[in-house]
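Remarks on the structure that follows.
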Amino acid sequence: MVLGPFKAVNFSGWGDWEQDPLKDRSWQWRLNWLSFLSYLMAYHRSSENDAVLDCAREAVASWLDTYLETDTTYPFEFIWHDHATALRAEQLVLLTYYCRRYASDWAKSNAKFLAYVERAVEIHGQWLAKDSFYSEHTNHGLEQARVLLLLGTVFEGEQALTWQQIAKQRISSELTFSFTDEGVHVENSPAYHIFVFKVFLGIIKDYPDEVLGGLSSQFDVFAHKALRFITHILRPDGLLPPIGDTEQLPTSNMYRDAFGDMAEYQHLLYALTNGKQGERPPEVNVVYPRSGYAVFRDLWPSQEGFRNALHCIVKVGCSSRYHHQQDEGHISLYAGGEDWLIDSGLYNYSGKDPIRRYMRSRAAHNIPLVSDAGYDADFEHRLSAWEVTTFDESSSSPFIDMTLNVLPQVAHKRRVALNAAQQELTVVERFHCNDAQPREVILQWHFPQDKKISLQGNRAIISSATGSQLLMEIQGAQPDSLSVVSGWKEERVFSAFSTKANQLESSQLLQVVFAPSSSLEVTTRFHLTLSPQRRLAASHTQSSNGDSLEALAALMDRTGLWQHTLLLGNNALASRLGRLHQDKSRGFVSVMTDSDNARQHVEAQLESKGLGLWAQSLSLTGAADSEEGAVSEHALRGLKGISLLVIGTSDFSDEYLEALLCKLLPILLPRLAPTAQVWLADNMNVSLKALCQQWAERHGFKVAELAN
């Protein structure tokens, strides 16, 4: 027998309803709400074999004979479970309808059984109508109300009308509670946002206005906002992020009939189809300060290269008890078609499973561990112990500031900021121990198992087999140690990742440990460098700031960087930059080559294009000795007032360029204008790029990125 996503188990006949062959509560739940009946009905419809319905009858009669006359004092959880009871009642209604509609002869010969089922459905309705049985303000409670409304329409009489009224009142209350005024579901999970939204949508579609009353209008008020959240939370690969109790799976498009004329639906369609249909959303970044989410992107690409976009999610705080994980302040990062910073996922719902306990804990998320600090015993404390203080949704430099007091002993402030043009994510942390007791802080960064992590002092290079790299650097307080752990051993979990229910794989945890202190301030920078293949794919997308020569010209216009451009390491760019200066009739370009032959070649190209007045070529011959690495002032004679330094990589090897820059940059420093900017090729080696960035930032020069 197969139930849902679970593997097959040996079936020896109906009767053992409390079995647990897979040690999984979800499997027991599915068995006891008779989820298999839908499959039996479908099989009978295709085969017309009444033996299939005989099997269904045996199963239902076995369950009803054993449990129908029991109550909630029965010790097994899933007999009168809030959610299972509702779903089982629905299955029994569908079975009765199916048999009478599509198997009338079988129904006539089994009339006594079907009458038994009707009585059982009525008893289920009586349970669902009880206030004491109703799980108010949860997705379980919503399902109870939905099925009670169904029962109120399939039965007749005063009891049925009462059930309808109770169900509608509860659905209205659930609708008000389930979503924040920002249109985000409160159960801490993108998957449950979609699930509950679809439950409401199904109710609105299934019943006429005379039954629903004002529910339809109430639903329309928040539907626009709920669609918008789905649009932004979807990853560029079309999957849901495994945040909270969410599986990393695609979601279906069942919204067109209800919302096809809404602009929000067209934006959602763009995200669902990877830019093939619909309309590009007008905003790149969104923050939900009251719901506890921020979603940052570098852009909304066109169809080509859609999956290579950068997507960062910040989960700020917990909004309700249901499906919560200890993930306040968590950060996920997807870019270039692959995962970088990851959440750990769902795995299962078994509270006794050590891996499930890990998945819900702080240890499984990209948030700090603090020694001798824990959550308040009263869960309600968590609901108000976080706050989004400030944020910016701008397309180029979004950020979110949050205050996290979920650990009462420690005040934690975290800023997450994205520089879209530079593909750089910055995380600023401030910790203060409220009792002045020194505490150890461990920053946690989880990466997929397919990444190679190389530790270099107080920084790390995370490399992908695709050739893309993520450089992590630590500024401010310096850690005692950096280390990497992965996998699990027996009940001890170091780092694990689950994309689907009951599936598990190892992941990697980079731990950054700081010695005990009563206060701490540290900045972690993540700089992404995509592989040439990913950059090529991304080059077909809508350009982001700084990714085109036109963007560079616009920037030079805004900042007045037309005096003197110095180009190093990419001679092919010389003509285009020279043309920019010529078009503006301002300033000129100096191009540094590694030999006289190269210099002469560049000069010939410039002259042939009529750019001799706007660009000049200098040779480094004699300036850099390949053995000694010396740099001569003579080769730089005449260079001054440099307003823009552009460093490329296409003409020099990484090793040569690194050795050259180590000697050249100090000599260039007095030749750069105080307001100069430094532009780096986006395909530069991550270590080399870090060298240039650190030098520029140390001397107060703004750094940006230029696509080759």
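The values are calculated or read from the model by the stated rules, or taken from the named source; none is laboratory data. For clarity, every value in this text was computed on a predicted model and none was experimentally measured. Note that each Cβ is placed from the backbone with ideal geometry, even for glycine, and that neighbours are counted across all protein chains shown.
Restrict the check to the stretch 320-335 and report whether at least one residue is touching a Pro at 6+ places or on another chain (Cβ under 9 Å) and farther than 27 Å from residue 403 by Cβ. Yes, the stretch 320-335 has at least one match.
The selection criterion, being more than 11 Å from the chain's Cα centre (by Cα), in the same structural domain as residue 499 (by TED's automatic domain parsing) and among the hydroxyl-bearing types (Ser, Thr, Tyr), holds for residue 350.
You will find that of 71, 82, the residue that is within 23 Å of residue 145 (Cα to Cα), under 42 Å from the mean Cα position of the chain (by Cα) and at pLDDT 95 or above is 82 and no other.
Please pick out the residue among 169, 144, 126 that is more than 16 Å from residue 85 (Cβ to Cβ) and part of a helix (DSSP H, G or I).
169
Please tell me if residue 134 is at pLDDT below 95, under 30 Å from residue 72 (Cα atoms) and among the aromatic types (Phe, Trp, Tyr). Judged against the criteria, residue 134 is not a match. The conditions of being of a type in the set (Lys, Arg) and in contact with a Leu (Cβ under 7 Å, 6 or more places away or on another chain) are met by residue 30.
The residues listed here are 191, 271, 226; of these, the one that is assigned to a helix (DSSP H, G or I), closer than 27 Å to residue 421 by Cα and either modelled with pLDDT of 90 or more or of a type in the set (Gly, Ala, Ser) (or both) is 271.
For every residue, the table says whether it meets (1) part of a loop (DSSP other than H, G, I, E, B); (2) surrounded by fewer than 20 Cβ atoms within 10 Å (Cβ to Cβ); (3) in contact (Cβ under 8 Å) with a residue 40 or more places away in the chain.
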{"site": "294", "(1), (2), (3)": "no, no, yes"}
{"site": "304", "(1), (2), (3)": "yes, yes, yes"}
{"site": "318", "(1), (2), (3)": "yes, no, yes"}
{"site": "325", "(1), (2), (3)": "yes, no, yes"}
{"site": "340", "(1), (2), (3)": "no, no, yes"}
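Among the criteria (1) closer than 25 Å to residue 417 by Cα; (2) surrounded by fewer than 21 Cβ atoms within 10 Å (Cβ to Cβ), the one residue 209 does not fulfil is (1). Consider the stretch 20-34 and keep the residues that are touching a helix residue (DSSP H, G or I) at 6+ places or on another chain (Cβ under 8 Å) and surrounded by fewer than 17 Cβ atoms within 10 Å (Cβ to Cβ). The one that is nearest to residue 64 (Cα to Cα) is 20.
Looking across the stretch 451-466 at every residue that is part of a strand (DSSP E or B) and within 21 Å of the chain's Cα centre (by Cα), the one that is surrounded by the most Cβ atoms within 10 Å (Cβ to Cβ) is identified as 462. Candidates are the residues of the stretch 571-591 that are without any contact (Cβ under 8 Å) to a residue 40 or more places away in the chain and outside any helix (DSSP H, G or I); the one that is surrounded by the fewest Cβ atoms within 10 Å (Cβ to Cβ) is 585.
Give 661, 639, 665, 606 a once-over and let me know the one that is within 25 Å of residue 532 (Cα to Cα), touching a helix residue (DSSP H, G or I) at 6+ places or on another chain (Cβ under 8 Å) and either at pLDDT 75 or above or part of a loop (DSSP other than H, G, I, E, B) (or both).
Matching residue, one of 661, 639, 665, 606: 661.
Considering (1) out of contact with any helix residue (DSSP H, G or I) (no Cβ under 6 Å at 6 or more places or on another chain); (2) surrounded by 21 or more Cβ atoms within 10 Å (Cβ to Cβ); (3) not β-branched (Val, Ile, Thr), the lone condition that residue 469 does not fulfil carries the number (1).
For the stretch 239-257, residues that are over 11 Å from the mean Cα position of the chain (by Cα) and either in the same structural domain as residue 322 (by TED's automatic domain parsing) or not hydrophobic (A, V, I, L, M, F, W, C) (or both) total 9. Figure legend. Inter-residue proximity from the stretch 358-374: first residues closer than 20 Å to residue 333 by Cα, second residues in a loop (DSSP other than H, G, I, E, B) and of a type outside the set (D, E, K, R), beta-carbon distance below 6 Å, spacing 6+ or different chains. Indicated pairs: 359/344; 359/347; 360/325; 361/326; 362/326; 364/344; 367/329.
Of the residues in the stretch 28-45, none is part of a loop (DSSP other than H, G, I, E, B) and either in contact with a strand residue (DSSP E or B) (Cβ under 9 Å, 6 or more places away or on another chain) or of a type in the set (Asp, Glu) (or both). Among the residues making up the stretch 345-357, those that are part of a helix (DSSP H, G or I) and either surrounded by 22 or more Cβ atoms within 10 Å (Cβ to Cβ) or free of Cβ contacts under 8 Å to residues at least 40 places away in the same chain (or both) are 356, 357.
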